[in-house]
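> Pasting in a structure now, in C-alpha cells, and then I'll have a few things to ask.
The values are calculated or read from the model by the stated rules, or taken from the named source; none is laboratory data. Quick caveat, the model's predicted, so the values are computed rather than measured. Every residue, glycine among them, receives a Cβ derived from its backbone with ideal geometry; neighbour counts consider all protein chains shown.
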Amino acid sequence: MSMKLSTRQVDGVTIVDCSGRITLGEGSVTLRDTVRDLLSKGNKKIILNLGEVNYIDSSGIGELVSAFTTTKNQGGELKLLHLTKKVHDLLQITKLYTVFDVKDDEAAAVKGFK
Amino acid sequence: MEQLVSYTLDSTLETVDHAEEKATRIATELGFGEDEVLQISMAVREGAVNAVLHGNQYAPNKKVTLAFERTAEDLVITIRDQGKGIDLSGIPNPLAPENLLKTSGRGIFLMRSFMDVVEIRPSQTGTEVKLIKHVHGSSVGHKEGSQ
C-alpha cells in the first residue's frame, strides 16, 4: 500500500492525515512535497497524523526529521499525532521519540500550539 | 547449511520492495512470529536500500544478490552489491546527540537493532551484508522456499 495524504484545517492548524507506508521513494517524496507546500503557503502549524501509517523505514524516519527541522527553521512548529506501535517503537530505538512533539489527543495537540 | 533460495536483482527501487516482500514471505513460511517477521523484513529492506543506492548507485549493469539460507539454528540472509565497498569507519553513530537530527544514516543501525548478528564485509568489488536471526523454539519449521 502506497502512502496517501490529505490535509484539513482545525483552528488555524493544518492536520495532515497520513496512511500507508512512509518509505524510500514515493512515500517519502509525497510527505516532503506536502510539508514544503504547506510552509510555502504560510501554514506553519502542522500536525502529522500517523495513525494509519503501518510501516516506515529509515528513509521515512529521515523524512519525518526533515519535516520537523524544515518547519522549525521557518519559524513553525510540527507535531506528530497517533503513532502506531510500529512507528512508536522505531522512534524509541532511534532516540527520536523525545525529539519530536508526540501527541495522542488531536484536540489537545491543536490547542498546544503557541 | 541449506540454501533455500537466491535471487539476482536489478539496482532499482522495485528491488527494495521485492527484497522486503521475499523476506516477509520466507520468514513467515519458516514460522517466525509476527514481530520477528517484521524485524527481518525491515532489516532486509535496509540492506537492499544500501545495496541499490549506496553500493550500486542505481547502475543498470550492476546487480544485487539476495540469498536466504537456513541452518539448524539460524536464518541467514546475504545481500551483495557490486559497488566500490562501504567505508565502515565513516559511518557516524546515529544516536549521538549531534547526529539525531540528520536525515540519513540509520540503515545499518536498524539492521543491527533488528537482527541477532550483522556482518558487513566491504571490498573493492562490492559489499556483502550477512543478516542472521536465531531460530527460537520449535515453532520455526524447516520448509523449502520457492522462487
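> Determine, yes or no, whether residue A:31 is in contact with a Cys (Cβ under 8 Å, 6 or more places away or on another chain), part of a helix (DSSP H, G or I) and touching a residue at least 24 places away in the same chain (Cβ under 8 Å).
When the stated conditions are applied, residue A:31 passes them.
> Assess whether residue B:18 counts as being farther than 30 Å from residue A:100 by Cα, part of a helix (DSSP H, G or I) and in contact with a strand residue (DSSP E or B) (Cβ under 9 Å, 6 or more places away or on another chain).
Details: farther than 30 Å from residue A:100 by Cα: yes; part of a helix (DSSP H, G or I): yes; in contact with a strand residue (DSSP E or B) (Cβ under 9 Å, 6 or more places away or on another chain): yes.
Criteria met by residue B:18.
> Check off (1) at pLDDT 95 or above; (2) touching an Asp or Glu at 6+ places or on another chain (Cβ under 9 Å); (3) within 21 Å of residue B:41 (Cβ to Cβ) for residue A:62 and give me the number that stays unchecked.
(2)
> Starting from residues that are crowded, with 19+ Cβ neighbours inside 10 Å and not in a loop (DSSP other than H, G, I, E, B), keep the ones in segment B:98-108 and report whichever is nearest to the other protein chains (Cβ to nearest Cβ).
Only one residue tops the list, namely B:107.
> Let me ask something else about it. Given the structure, is residue A:47 within 19 Å of residue A:20 (Cα to Cα) and facing another protein chain (nearest Cβ under 10 Å)?
Numbers: within 19 Å of residue A:20 (Cα to Cα): yes; facing another protein chain (nearest Cβ under 10 Å): no.
So residue A:47 does not fit the description; no.
> Can you tell me which residue in segment A:23-59 is modelled with the lowest pLDDT, limited to those that are more than 24 Å from residue A:93 (Cα to Cα) and charged (D, E, K, R)?
A:26
> Tell me, please, whether a residue that is surrounded by fewer than 20 Cβ atoms within 10 Å (Cβ to Cβ), in contact with a strand residue (DSSP E or B) (Cβ under 8 Å, 6 or more places away or on another chain), in a strand (DSSP E or B) and within 11 Å of another protein chain (Cβ to nearest Cβ) can be found in segment A:66-83.
Checking segment A:66-83: not a single residue is surrounded by fewer than 20 Cβ atoms within 10 Å (Cβ to Cβ), in contact with a strand residue (DSSP E or B) (Cβ under 8 Å, 6 or more places away or on another chain), in a strand (DSSP E or B) and within 11 Å of another protein chain (Cβ to nearest Cβ).
> Of the residues B:95, B:88, B:53, B:13, which is of a type in the set (A, V, I, L, M, F, W, C), within 14 Å of chain A (Cβ to nearest Cβ), without any contact (Cβ under 8 Å) to a residue 60 or more places away in the chain and more than 21 Å from residue A:25 (Cβ to Cβ)?
B:95
> For segment A:57-106, enumerate the residues that are in contact with a Leu (Cβ under 9 Å, 6 or more places away or on another chain), under 29 Å from residue B:17 (Cα atoms) and among the polar types (S, T, N, Q).
A:58, A:59, A:66, A:69, A:70, A:84, A:94
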